[in-house]
Amino acid sequence: MSPRTKNIATLAAIIAPFILFFLAGRFLINPAELSKVNKGQLLIPHIDMAALHATDSEQQPYDRDDMSNQWTLLYVAGEGCDTRCKNGLYYQVKQVRLALGEDTQRVRRVILHTAPANTELQTFLTDKVDGMVSIHASAADVKRALAPVYAPEPSHPIGDIFLVSPDGQIFMRYPSHENMDATLEEAENIRVDLKRTLKGSLIG
């Protein structure tokens with residue numbers, strides 16, 4: 001065997017496994033059957049908080065500047081607070097944050113009011129989930145900004161929980177539930193995603 005033929009054979013032996021791996025992945029593996037890394041609904045592209053036109057308690061814009069240095073668990077609220085709302089706020093937001101252990105201080109809890117809170121919601125916020133940051137935005141603006149999350153269905157963000165990065169990008173969504181088993185399962189989904197995000201991030 002000539003040196004040139006020997007070199008070609010050596011090169012072929014090196015690259016053959018890569019070609020076979022590619023072909024196996026291309027033709028033998030269905031990507032839809034591969035398990036997802038994330039548990040929640042990943043939003044691509046991300047949605048900027050500024051699109052919500054939210055304001056704080058002093059009617060000042062609440063945007064990425066207010067969200068820097070921490071990750072955010074954002075709950076979108078309506079006027080009242082039924083069982084689904086209470087489960088979301090308590091188990092999927094408050095308890096998930098506490099379950100992060102040493103990373104607890106890297107996460108803030110924010111409730112986005114799309115309508116004036118009634119007495120039941122106000123009482124629950126004070127008695128059960130005290131310490132949440134309250135911001136406000138019109139229901140129309142919130143639905144419009146988050147419409148891509150639900151397309152092609154109508155936008156229905158009230159009762160949902162979103163993860164927001166320190167630069168104000170809404171990147172993950174989770175529903176809340178009336179059923180307790182579903183609530184606890186979703187809470188674990190949020191915890192796993194958030195823990196993985198925090199572990200891989202040098203910010204917040």
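The values are calculated or read from the model by the stated rules, or taken from the named source; none is laboratory data. Predicted model, so just to flag it, every value in this text is computed and none were measured. All Cβ positions, glycine included, derive from the backbone under ideal geometry; neighbour counts span all protein chains shown.
Quick test for you: out of ALA50, ALA140, pick the one residue that is free of Cβ contacts under 8 Å to residues at least 12 places away in the same chain, assigned to a helix (DSSP H, G or I), surrounded by fewer than 17 Cβ atoms within 10 Å (Cβ to Cβ) and among the small types (Gly, Ala, Ser).
Numbers: ALA50 fails: free of Cβ contacts under 8 Å to residues at least 12 places away in the same chain.
The conditions single out ALA140.
Inclusion of LEU125 among residues that are at pLDDT 95 or above, over 17 Å from GLU79 (Cα atoms) and surrounded by 14 or more Cβ atoms within 10 Å (Cβ to Cβ) is not warranted. Being part of a helix (DSSP H, G or I), modelled with pLDDT of 95 or more, in contact with a strand residue (DSSP E or B) (Cβ under 8 Å, 6 or more places away or on another chain) and more than 21 Å from ARG191 (Cα to Cα) is the requirement here; does VAL93 meet it? Taking the combined requirement at face value, the residue does not satisfy it. Among residues of segment 148-183 being surrounded by fewer than 15 Cβ atoms within 10 Å (Cβ to Cβ) and hydrophobic (A, V, I, L, M, F, W, C), the one that is farthest from LEU52 (Cα to Cα) is MET180.
What are the residues in segment 103-122 that are within 21 Å of SER165 (Cβ to Cβ), surrounded by 16 or more Cβ atoms within 10 Å (Cβ to Cβ) and not basic (Lys, Arg), if any? Selection gives ASP103, VAL107, VAL110, ILE111, LEU112. Beta carbons closer than 6 Å, at least 6 apart along the sequence or on distinct chains, pair a first residue in segment 156-170 that is closer than 10 Å to LEU73 by Cα with a second that is of a type in the set (Lys, Arg) for PHE162/ARG173.
On the given criteria, is VAL149 in a strand (DSSP E or B), touching a residue at least 40 places away in the same chain (Cβ under 8 Å) and either within 18 Å of the chain's Cα centre (by Cα) or assigned by TED's automatic domain parsing to the domain that holds PRO175 (or both)? No.
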